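Below: one structure, written as structure tokens.
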Amino acid sequence: MKKIAVFTSGGDSPGMNACIRAVVRTGLQLGLEVIGIKEGYEGMIDGNFINMDRRSVSGIISRGGTILHSARSDRFRTPEGRKQAFEQIQKAGIEGIVAIGGDGTFTGADIFTKEFDIPFVGTPGTIDNDLYGTDFTIGYDTAINTAMDAIDKIKDTANAHHRLFLVEVMGRDAGFIALRSGIATGAEAVLIPESKTDTEAMLRVLDNNQESKKRANIIVVAEGDEEGGAFKIAEAIKVRYPGFETKVTILGHIQRGGRPTCMERVRASRLGMEAVKALLDGKRSVMLGQVHKEIVCTPFEQAIKHHQKVNPTLLELVEMLA
Ligand code: F6P
């Protein structure tokens, strides 16, 4: 293998740049030519390729977003789009690909590598932490810290005004961001899709807090929770506590941006380096992850089918400490 390519796809996440940098520098160090594919699968279809050298990744390890840009590609969902992408790859002489992305990226990669003969490995890049075969995804650590900082600030104002805030965080159909940021900010309750919301228990906590005149009340809601989002839950709470000032904050895309944490940069760098080595080792159609400090390879179709289980002790922590 003499020429490899790297791209980022799907929702961007902090640490993607650190991973790109590691792929490029490892590739060059091992004597490969490295191509950057711009805007994910869209760029693959259009042949939007650039040559990467050492300097092209200078100064990016501390930056959020992705210098290669990203996209959610509808065209790649079609057989015609994938065929065009493969033709562009062949034309450019690319012999192996590193994809940095999440569930959608690897769903595409799984189909693509079953249709066409091209070595393809992935590193998990998503704030959601919703992939199987890794203890963390690139972006997750920064996102939970961003959510924690934001909720800390909301708590200040909740305390000043004696209010209840429902804070909705991202995570698609996973509750990892909600659970960690909720524990770290001392939330009264955390509502996540992985566990059925015990509305009565949540209301009992609020009852107690009302009685003890606790001023700052925070409920963290994962966007994928089955109760249907922070606004809906706020309406139900308002019925029970008409006199209590209830507010909703949707944290939204601030969770996707910003400078990656130290942990993120180190983990993303390691995964980037290992991805290049895996390609050279002949690995194909696998996502690289880190489990108990070891690098493991998980076939794309498994990585996207399940996600790791929520630790029940963390749910207990929320209840115990509320
Ligand atoms: O997968 C990352 C993520 O931020 C999810 O948490 C969220 O549901 C989704 O992407 C939002 O996607 P978009 O930015 O395309 O609206």
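The values are calculated or read from the model by the stated rules, or taken from the named source; none is laboratory data. What you see is a predicted model, and the numbers here were worked out from it, not measured in a lab. Virtual Cβ from ideal backbone geometry, glycine too; neighbours counted across all protein chains shown.
Listed by first and then second residue, the pairs with beta-carbon distance under 8 Å, at least 6 apart or on different chains, first residue in the stretch 184-201 and under 14 Å from GLU316 (Cα atoms) and without any contact (Cβ under 8 Å) to a residue 60 or more places away in the chain, second hydroxyl-bearing (Ser, Thr, Tyr) and in a loop (DSSP other than H, G, I, E, B), are LEU191/THR197. Number of residues in the stretch 89-131 that are among the acidic types (Asp, Glu) and in contact with a strand residue (DSSP E or B) (Cβ under 7 Å, 6 or more places away or on another chain): the value is 1.
The residues of the stretch 129-151 that are free of Cβ contacts under 8 Å to residues at least 60 places away in the same chain and either within 15 Å of the ligand (Cβ to nearest atom) or crowded, with 24+ Cβ neighbours inside 10 Å (or both) amount to a single one, ILE144. The set of residues in the stretch 245-267 that are under 21 Å from GLY27 (Cα atoms) and away from the ligand (no atom under 16 Å from the Cβ) comprises ARG265, VAL266, ARG267. For the residues ILE219, ILE154, ILE192, the requirement of being within 16 Å of the ligand (Cβ to nearest atom) and either at positive phi or not polar (S, T, N, Q) (or both) singles out ILE192. Remark: pairs (first residue in the stretch 9-36, within 25 Å of THR107 (Cβ to Cβ) and small (Gly, Ala, Ser); second residue assigned to a loop (DSSP other than H, G, I, E, B) and away from the ligand (no atom under 16 Å from the Cβ); Cβ separation under 8 Å; 6+ apart in sequence or on different chains) = ALA18/ILE60; ALA18/ILE61; GLY36/ILE67; GLY36/LEU68.
Do any strands (runs of 3 or more DSSP E) entirely within the stretch 172-268 hold 2 or more residues that are crowded, with 21+ Cβ neighbours inside 10 Å and of a type outside the set (Ser, Thr, Tyr), and if so, which? If you could, list the steps in order and put the result at the bottom.
Details: elements: 189-191, 217-222, 246-250.
Here the list reads 189-191, 217-222.
Is it true that THR298 is of a type in the set (Val, Ile, Thr) and outside the structural domain of LEU131 (by TED's automatic domain parsing)? Here the answer is no, as THR298 does not meet what is asked. A count restricted to the stretch 274-322 and to residues that are out of contact with any Ser or Thr (no Cβ under 7 Å at 6 or more places or on another chain), surrounded by 16 or more Cβ atoms within 10 Å (Cβ to Cβ) and in a strand (DSSP E or B) stands at 3.
Could you please let me know if SER181 is without any contact (Cβ under 8 Å) to a residue 60 or more places away in the chain and within 15 Å of the ligand (Cβ to nearest atom)? Against the criterion (without any contact (Cβ under 8 Å) to a residue 60 or more places away in the chain and within 15 Å of the ligand (Cβ to nearest atom)), SER181 qualifies.
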